[in-house]
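Working notes, structure below.
The values are calculated or read from the model by the stated rules, or taken from the named source; none is laboratory data. Source: prediction; values computed, not measured. Methodologically, a virtual Cβ is constructed for each residue, glycine included, from the backbone with ideal geometry; neighbour enumeration extends over all protein chains shown. Note: areas computed on protein heavy atoms with side chains; ligands, DNA, RNA excluded. Shrake-Rupley method; radii C 1.70, N 1.55, O 1.52, S 1.80 Å.
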Amino acid sequence: MLDACAALVDELGYEGLTTTLIAQRAGVAIGSVYQFFPDKRAVVQALTVRHLESFLENLNSRLDARLGGEKPDHWWDIVDAVIDEYIHMHRIEPGFRTLHFGDVVDVHLLDTDRENNDVIAQRLQELIIDRLGFDDRPRLRFALAIGVETGDALINLAFRRDPAGDPEVLGEAKALIRDYLSRHVD
């Protein structure tokens, strides 16, 4: 059902999505959808959680492959991998380009108390703390929150301009985030 939801979101957008269409595309009875999900928002929420889990799993794999199991030389290695994975998901993950991490539906889709991008920024901070041994400081969290918001906006712009992601905008996004974070993270 989640795969059907993802494909339909890409085709119709969130507003065009219905539980009936999800059931039809998944080849199940509508009652099967309602057995697991009370409404289309709940299906999209489950898809968004799946996207987040995939993002984090792939990010860790990408970091391990990039660093060969070694500690990164610099925080930028982690941030660069995060940006690359976010771009990659826009290109290949059904439903992601439309939903991102759920902000299209609800900015509190991943956590009822925090906005979706705050959840992502916290995960990024945990990754940097874990991989680099940084201290858990409020300024780091704030800077990463700004970086996530900026990156999200610019990467979305790149994919609105070009279905494959406008390389010029993506390059500027990386440069802008790197410049900003270098003033606040080091």
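General remarks:
- Probing with 1.4 Å while keeping every protein chain in the model, the per residue accessible area of the chain equals 50 Å².
- Under-5 Å amide H pairs with residue 110, H placed in peptide plane, nonlocal only: 116
- Estimated 222 nm signal from helices in the chain, with DSSP H stretches of n ≥ 4 weighted -39500 (n - 2.57), rounded to 500: -24500 deg cm²/dmol
- Under the simplified labelling scheme, the residue 53-residue 34 pair shows an inter-label distance of 2.6 nm, with each label point 7 Å from Cα along Cα→Cβ.
- Computed over the range 79-186, relative contact order equals 22 percent, with contacts defined as Cα pairs under 8 Å that lie 6+ residues apart.
- For residue 153 and residue 66, the difference between the fully extended length at 0.36 nm per residue and the C-alpha to C-alpha distance is 28.8 nm.
- Under the simplified labelling scheme, the residue 168-residue 25 pair shows an inter-label distance of 3.4 nm, with each label point 7 Å from Cα along Cα→Cβ.
- Rolling a 1.4 Å probe across all protein chains gives residue 182 an accessible area of roughly 50 Å².
- Nonlocal amide H pairs with residue 101, under 5 Å, H built at 1.01 Å: none
- Placing unit charges on the Cβ atoms only, positive for Lys and Arg and negative for Asp and Glu, gives the chain a dipole magnitude near 200 debye about its Cα centre.
- Taking a Cβ cut-off of under 10 Å around residue 3, the surrounding Lys, Arg, Asp and Glu residues balance to a net charge of +2, with basic ones at +1 and acidic ones at -1.
- Among the protein heavy atoms of the range 48-186, carbon and sulfur supply 49% of the accessible surface, probe 1.4 Å, non-protein parts ignored.
- If you wrap the Cα atoms of the range 95-151 in a convex hull and average its projected area over all directions, you get 4.3 nm².
- Stretching the chain fully between residue 160 and residue 46 yields a gain of 38.6 nm (0.36 nm per residue, less the alpha carbon separation).
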